[in-house]
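A quick write-up on the structure given underneath.
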Amino acid sequence: MEARAIQRTVRQSARKMRLVIDLIRGRAVPEADAILRFSKKRAAKQIHKVLKSAVANAQQAALRQNEAFDPDQLRVKYAVVNEGATLKRFAAAAMGRATPIHKRTSHVEIHVASDAAPAPAVKAAPAAATNAEPKAKAKAKKKAPKKTPKKAKTKKASK
């Protein structure tokens, strides 16, 4: 089971949000939830909302497909923060000038997936085909002539 959640135009810079998102990437959902809940960063609150939404989306997908659902078996598979639109404002400065202010926004995207996903069945290849390939590569390496680097000619200055 896989689900995702996206929150767009969060009023915080992507650089600050990435510090928090790096803490939860690849972790189990209960562990990521605890990290975000007790983090002192302001970005953790917004990221926690997105994580809860992704888990709720996974639960709804499981209900639609009539599958068993356990939120403790979910893992943060993909978590990224991208830059959003920058709001450009101006503030008054000395001598009648104006200085630009950039109010940065960001987009948060989190994908959660089940840990207990069934592994795809791998077919066994015939032994003759697997052994023949390395031998062919070895012969190709032996036949290729070795190139020697050419020495650069230097001009001697005469006086």
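The values are calculated or read from the model by the stated rules, or taken from the named source; none is laboratory data. Remember, predicted model here, so these are calculated numbers, not experimental data. So basically every Cβ, Gly included, is an ideal-geometry build from the backbone, and we count neighbours across all protein chains shown.
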Checklist line | Subset of region 61-78 [assigned to a helix (DSSP H, G or I) and within 12 Å of residue 112 (Cβ to Cβ)] | finding: 61, 62, 71, 72, 73
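Considering region 102-139 alone, what residues qualify as being at pLDDT 95 or above and exposed (fewer than 11 other Cβ atoms within 10 Å of the Cβ)?
Listed by number, the list holds a single entry, 102.
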Margin query: Looking at region 58-71, I want the residues that are surrounded by 10 or more Cβ atoms within 10 Å (Cβ to Cβ) and acidic (Asp, Glu) and have a partner that is modelled with pLDDT under 95 and part of a loop (DSSP other than H, G, I, E, B) with Cβ atoms under 9 Å, at least 6 apart or on another chain. Which pairs are those?
Written below: 67/1; 70/116
Note to self: Please determine whether any residue of region 24-36 is at pLDDT 95 or above, crowded, with 20+ Cβ neighbours inside 10 Å, farther than 23 Å from residue 73 by Cα and hydrophobic (A, V, I, L, M, F, W, C).
What the structure shows: no
Checklist line | Index of the failed condition, residue 33 passing every other in (1) closer than 19 Å to residue 113 by Cβ; (2) in contact (Cβ under 8 Å) with a residue 60 or more places away in the chain | finding: (2)
Next item on the list: Residue by residue through region 1-60, note down the ones that are out of contact with any helix residue (DSSP H, G or I) (no Cβ under 8 Å at 6 or more places or on another chain), in a strand (DSSP E or B) and not β-branched (Val, Ile, Thr).
Entry: 8
Check: Hey, among the residues in region 79-110 that are aliphatic (A, V, I, L, M) and in a helix (DSSP H, G or I), which one's farthest from residue 20 (Cα to Cα)?
Finding: 95
Next item on the list: Write out, first by first residue and then by second, each pair whose Cβ atoms fall under 6 Å of each other, whose residues are 6+ apart or on separate chains, and whose first residue, in region 5-21, is over 18 Å from residue 53 (Cβ atoms) and without any contact (Cβ under 8 Å) to a residue 40 or more places away in the chain while the second is hydrophobic (A, V, I, L, M, F, W, C) and outside any strand (DSSP E or B).
Entry: 16/43
Check: Can you tell me which of 41, 103, 88, 77 is basic (Lys, Arg) and under 22 Å from residue 2 (Cβ atoms)?
Finding: 77
